[in-house]
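Take a look at the structure below.
The values are calculated or read from the model by the stated rules, or taken from the named source; none is laboratory data. Keep in mind that what you see is a predicted model, and the values were worked out from it rather than measured. Cβ: placed from backbone, ideal geometry, glycine included. Neighbour counts: every protein chain shown.
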Amino acid sequence: MHKITLLAFLLVASTAFAQDFRFGKVSIEELQEEAHPKDSESDAAILYREQYSHLDYYQNSGFRLTTEVFERIKIYNSDGFEWATQNIPIYTGGSENESVGKIKGVTYTLEDGKIEETKLRNDGIFEEEKNKFYDLKKFTMPNLKPGCVIEFQYQITSPYYSSIDEIRLQEEIPVNQVDVSFYAPEWLVYQLHRKGLLPLNVEETSQADRINYSVRQGSSTGNFQTKDRPRLETRTIDFQRKGYKVTASDIPAMREEAFSSNIDNYKAALNFELSFTNFPGEPLQTMSSSWEAVSKSIYDSDNFGGQLNSTRFFDDAIDEVIAGATSPSEKLTRIFEYVKQKMVWNNYIGVYADEGVKEAYKNGVGNSADINLMLVSMLRYAGIDANPVILSTRDNGIPVYPTRNGFNDVIAGAKLEDHIFLLDATNKKGAPDLLDENLLNWNGRMIREDGSSEWVSLYPSAHATESTLISTEINADLTTTGSLKSRYTGNYGLLFRKKFGESSQDDQLKAFEGMYSGIELDGLALENLDNVYEPLEVAYDFELLSGIEEVGDKLYVSPLMHKATDENPFKSDERLHPIDFRYPWKDRYIINIKIPEGYTVESIPESVLYNMTDKLASFAYRVSQSGNSINISTDFSLNSSIIAPDYYQDLKKFYEMIVTKQNEKIVLTKI
């Protein structure tokens, strides 16, 4: 046995009582605990988590991966009840399905000083379809009460072992103790990938074992990878079973913070990926190597690169679509709009075509790969340098090591001159270089026909912009009435189009009023909702009920009306993961406030200009008086989609100054 130390650290919990982590051994002390000793704000805590995964060989079915899970969770209050519901994904998209069994659960409560047990019944366990490729085995623990302890265990059996599902060590609640172990025969060599910032000790083990295996006729060597070839006899072979063990204690909660993207990207977790196989008597077979190899293997699939070869089923239609186009950019836009209008996305995403491009074209419906591989093929037919771009959506996380499983969607990339335009034809509200927020997830991998590939940033280079003009006057009853006109471009426009594009005018009005407190709107008008190539325009009249405060003979006026930022979104003392704004933006407000009769200006906020380090962001605020009007203009520019945690303190202070400045008052004095 030897140890591999990723970082020399292992926290050992110090508790007031000895804990027994065998199933059914819940203590009175665990039930009496009213708050977590190191995180009093937590609604629940994982007292113990154990995952034991092992690969075993079966004579008739080959290798099978078995994962045994056991958890004990303390629930402090009703907000922690959500941890009593478990959703276990079961892959059903292959030739064989995974299975979940041996489910057992108990809820423990303290009644008159005695421990009461309520067992999970079969009618509390059910299965539902998640999507085309996964089902969910679900259960909710019974008899939940604040202060209870729950524990459950189950077993997953899978014929798929090229990668082991991510093993999570860190959650939104504290984890007191976690034990993870994984064992595989020496012929299956795995690479351990680590995610997150938690230091860990990983212990490697090796122990002797033996296995029965099939032998082909006339051969002295075995075959472990198939059950279809004939076998004449069974033999025994000795081998070494390799193991990995990870133990950690007192793992702090990692909670969602402002602009965190997918917080799971930064939680401590482990992945095991099959690196190569070296079966007796068979050549070594490499499974994972580099991003280039992964990209090429995806492209070589019939359901990916194979979908880009046939053009005969659409050539006449595309000839008609691009007839008269005078530039490559015009061809690109025409083809993009043609695919958007012709095809209906079936709400399934995937790297590989489902129906197949030809069949999807015929039926007018397909998954994201059917539609966007079709788009690539049509762009190439029109002479445009186009290639598929595989990516991982935000909710799928960031692929941190070379693996086919790290990608779950595909879009099109088209190069015109020196710029690569990114296109997603499943999005009816999209445009070239205008992707849905769920696709803005670091980098995608563009794969060319020759098998070469490169990373391309998924974040937009152009700012989303808001330009707003407000004209207001203060009434005798201290309400403020006025009119607003705004123009939105880029992802701002996309956001509004998705939210309001299919809504009635009444629903639109209610939604806008819901964005702000103490305001009533009238005459709401939205222009260019269906024209994604023009700025989206919003106009309305408003009455603001709470923008003025009267103290004696003075009026205190909020200069930005309902557009002010009320609080700093960054509250933590430190930040260990990046701040992800999704896209850069520029917000500009020009506001004119008419001074009411009988008042004069006593003071106005001072004009300022704030700049963040390295020009990451800037804020300009200008106030002036002209006759009986006060003019305010603000320009807030965020110039980077992602800001590293090293800049967090600077960013937090920057926002504090903006919030303070935007909430300074104009003071009017009665004449």
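A few notes on this one:
- Check on Glu664, assigned to a loop (DSSP other than H, G, I, E, B), at pLDDT 95 or above and more than 30 Å from Pro460 (Cα to Cα): yes
- Any chance Ala323 is over 30 Å from Tyr266 (Cβ atoms) and touching a helix residue (DSSP H, G or I) at 6+ places or on another chain (Cβ under 8 Å): no
- Residue satisfying all of: in the stretch 429-480; of a type in the set (Val, Ile, Thr) and at pLDDT below 95; nearest to Ser368 (Cα to Cα) among these: Thr480
- Scanning the stretch 556-593 for residues that are surrounded by 13 or more Cβ atoms within 10 Å (Cβ to Cβ) and small (Gly, Ala, Ser) yields Ser558, Ala564.
- The strands (runs of 3 or more DSSP E) falling completely within the stretch 96-153 that include 2 or more residues that are touching a Lys or Arg at 6+ places or on another chain (Cβ under 7 Å) map to 99-111, 125-129.
- Within the stretch 91-115, tally of residues that are within 25 Å of Asn77 (Cα to Cα) and exposed (fewer than 14 other Cβ atoms within 10 Å of the Cβ): 4
- From the options Glu454, Glu473, Glu466, residue that is touching a helix residue (DSSP H, G or I) at 6+ places or on another chain (Cβ under 6 Å) and part of a strand (DSSP E or B): Glu466
- If you go through the stretch 571-629 and keep only what is touching a residue at least 40 places away in the same chain (Cβ under 8 Å) and of a type in the set (Val, Ile, Thr), you end up with Ile579, Ile590, Ile591, Ile593, Ile595, Thr600, Val601, Ile604, Val608, Val623.
- Any hit, the stretch 152-165, residues being charged (D, E, K, R) and surrounded by fewer than 16 Cβ atoms within 10 Å (Cβ to Cβ): no
Okay, residues lined up against (1) modelled with pLDDT of 95 or more; (2) hydrophobic (A, V, I, L, M, F, W, C); (3) not assigned by TED's automatic domain parsing to the domain that holds Ile167:
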{"position": "Pro280", "(1), (2), (3)": "no, no, no"}
{"position": "Lys296", "(1), (2), (3)": "no, no, yes"}
{"position": "Lys340", "(1), (2), (3)": "yes, no, yes"}
{"position": "Gly366", "(1), (2), (3)": "yes, no, yes"}
{"position": "Val376", "(1), (2), (3)": "yes, yes, yes"}
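- Just so you know, in the stretch 617-645 the residues that are among the hydroxyl-bearing types (Ser, Thr, Tyr) and crowded, with 17+ Cβ neighbours inside 10 Å include one that is nearest to Ile470 (Cα to Cα), and it is Thr634.
- Condition broken by Phe313, with the remaining ones in (1) within 27 Å of Ile167 (Cα to Cα); (2) over 30 Å from the mean Cα position of the chain (by Cα) satisfied: (1)
- Screening Asn87, Asn97 for residues that are of a type outside the set (Val, Ile, Thr) and either touching a residue at least 40 places away in the same chain (Cβ under 8 Å) or not assigned by TED's automatic domain parsing to the domain that holds Asp179 (or both) leaves exactly one candidate, Asn87.
- Residue among Ser327, Ser288 that is more than 16 Å from Met374 (Cα to Cα) and modelled with pLDDT of 90 or more: Ser327
- Residue in the stretch 594-610 that is within 30 Å of Arg394 (Cα to Cα) and exposed (fewer than 15 other Cβ atoms within 10 Å of the Cβ) present: no
- For first residues located in the stretch 283-297 and assigned to a helix (DSSP H, G or I) and acidic (Asp, Glu), partners that are surrounded by fewer than 16 Cβ atoms within 10 Å (Cβ to Cβ) and at pLDDT 90 or above and lie 6+ apart or on another chain with Cβ distances below 7 Å do not occur.
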